[in-house]
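J.: I am attaching a structure below and will ask some questions about it afterwards.
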2 protein chains.
Amino acid sequence: MAGDGTRSFGVLTEMSGFLLSMAQAHVYRMDEQLEALEGLSTAQLSVLTVIHENPGIRHGEVAEMLVIKLAYMTKLLKGFESSGWVERQSDPADRRAIHLSLTPEGKAVVGRTLPRLLAHDAERPNGLTPREIGQLKRLLTKYLGLPERDEG
Amino acid sequence: MAGDGTRSFGVLTEMSGFLLSMAQAHVYRMDEQLEALEGLSTAQLSVLTVIHENPGIRHGEVAEMLVIKLAYMTKLLKGFESSGWVERQSDPADRRAIHLSLTPEGKAVVGRTLPRLLAHDAERPNGLTPREIGQLKRLLTKYLGLPERDEG
DNA sequence: TATTGTTATACTCTATAACTATA
DNA sequence: TATAGTTATAGAGTATAACAATA
């Protein structure tokens, strides 16, 4: 922060939105150096993971789950297809829809990189104790309306 | 989410980084409709607030505090200058440095819009109780290594 | 008419690097 | 040599809208 050490955020730090944005920036900054993902970004790996977890999921469903714009999903999926990681299958009952699944190569990529990201996430430096990290994850899960996972 | 209602994020939800990213996306989505900021984005208002709170702060210090790239800060500040909200003053002791402060108009804009953003932030829908929001803010503050504010 | 997905454009912000002017 | 800030370019991702195919 430099200067005289008295720099202040004022009331910004009273807003959950500001704090979440700053925390995300912190995560982004830590993750950008991560070379264990074979060139994948965390966002890309999230998409592959969701397809892996939900074989046959539709294009638009993935976009909605991950809050990614449909128009941008199209671009991402094109890349995954040309990498040979994702297959599309059009629905015979509704031929507008496209169902997605991972190829064996796609599954292998997720199998290699996702555990590395998990480990990295658990070790990413922050000011919290392991117990507090657990609290934070529980609160964020509820914040987002996601189903709770019963931790060990 | 549509489909059969059994869509899963798999282990993604075990990662604080993923949850923070999703929460930030949620905030962004809620805030983009906010018309009370007179055309300002929340990021822009954050910059103005930090200058307001720390008159004379240097260009690069603002960028570091808010985790904004220096190159992009230059562009933002140009816009603020041409809006007549921010003034630059070069440091006579170190003529590379630029000190920033708000004009009366800049202060007026912050005075009008910041309270509206505060109110909006407190009302942004989420799955937490007010007490849990307080916990979340406290954990994020500590996560980021920011000084604690003693809440009422 | 509404919905699924595609394409294209403008815009925001990061990553990077070359550059000026100081120190 | 290093630091503060500027400028430029490439890329990720959003906002928006027009479009094709299908329902």
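Rule-based calculations on the coordinates, nothing more; no lab input. From a predicted model like this one, the values you see are computed outputs, not experimental measurements. Glycine gets a Cβ as well: all are built from the backbone with ideal geometry, and neighbour counts include every protein chain shown.
J.: Since A:Val67 meets every condition but one in (1) over 23 Å from A:Leu20 (Cα atoms); (2) within 16 Å of DNA strand C (Cβ to nearest atom); (3) in contact with a His (Cβ under 8 Å, 6 or more places away or on another chain), which condition does it not meet?
T.: Failing condition for A:Val67: (1).
J.: A:Glu105: more than 15 Å from DNA strand D (Cβ to nearest atom), away from every other protein chain (no Cβ under 14 Å) and farther than 22 Å from B:Gly17 by Cβ, yes or no?
T.: Judged against the criteria, A:Glu105 is a match.
J.: If you go through segment B:109-152, how many residues are basic (Lys, Arg) and either on the phi > 0 side of the Ramachandran plot or not in a helix (DSSP H, G or I) (or both)?
T.: So the count comes out to 2.
J.: Every residue in segment B:1-50 that is over 30 Å from A:Gly111 (Cβ atoms), surrounded by 19 or more Cβ atoms within 10 Å (Cβ to Cβ) and at the interface with chain A (Cβ under 10 Å from one of its Cβ atoms), please.
T.: Selection gives B:Val27, B:Thr42, B:Leu45, B:Ser46, B:Thr49, B:Val50.
J.: Answer with yes or no whether B:Glu123 is surrounded by 12 or more Cβ atoms within 10 Å (Cβ to Cβ) and either within 12 Å of chain A (Cβ to nearest Cβ) or under 20 Å from the mean Cα position of the chain (by Cα) (or both).
T.: Considered against the rule, which asks whether it is surrounded by 12 or more Cβ atoms within 10 Å (Cβ to Cβ) and either within 12 Å of chain A (Cβ to nearest Cβ) or under 20 Å from the mean Cα position of the chain (by Cα) (or both), B:Glu123 comes out as no.
J.: Quick check on segment A:55-95: of everything there that is within 11 Å of chain B (Cβ to nearest Cβ) and in contact with a Gly (Cβ under 8 Å, 6 or more places away or on another chain), which residue is nearest to DNA strand D (Cβ to nearest atom)?
T.: Selected residue: A:Arg58.
J.: For B:Gln24, all conditions in the list (1) in contact with an Asp or Glu (Cβ under 6 Å, 6 or more places away or on another chain); (2) within 16 Å of DNA strand D (Cβ to nearest atom); (3) of a type outside the set (D, E, K, R); (4) without any contact (Cβ under 8 Å) to a residue 12 or more places away in the chain hold save one; what is the number of the exception?
T.: All conditions are met except number (1).
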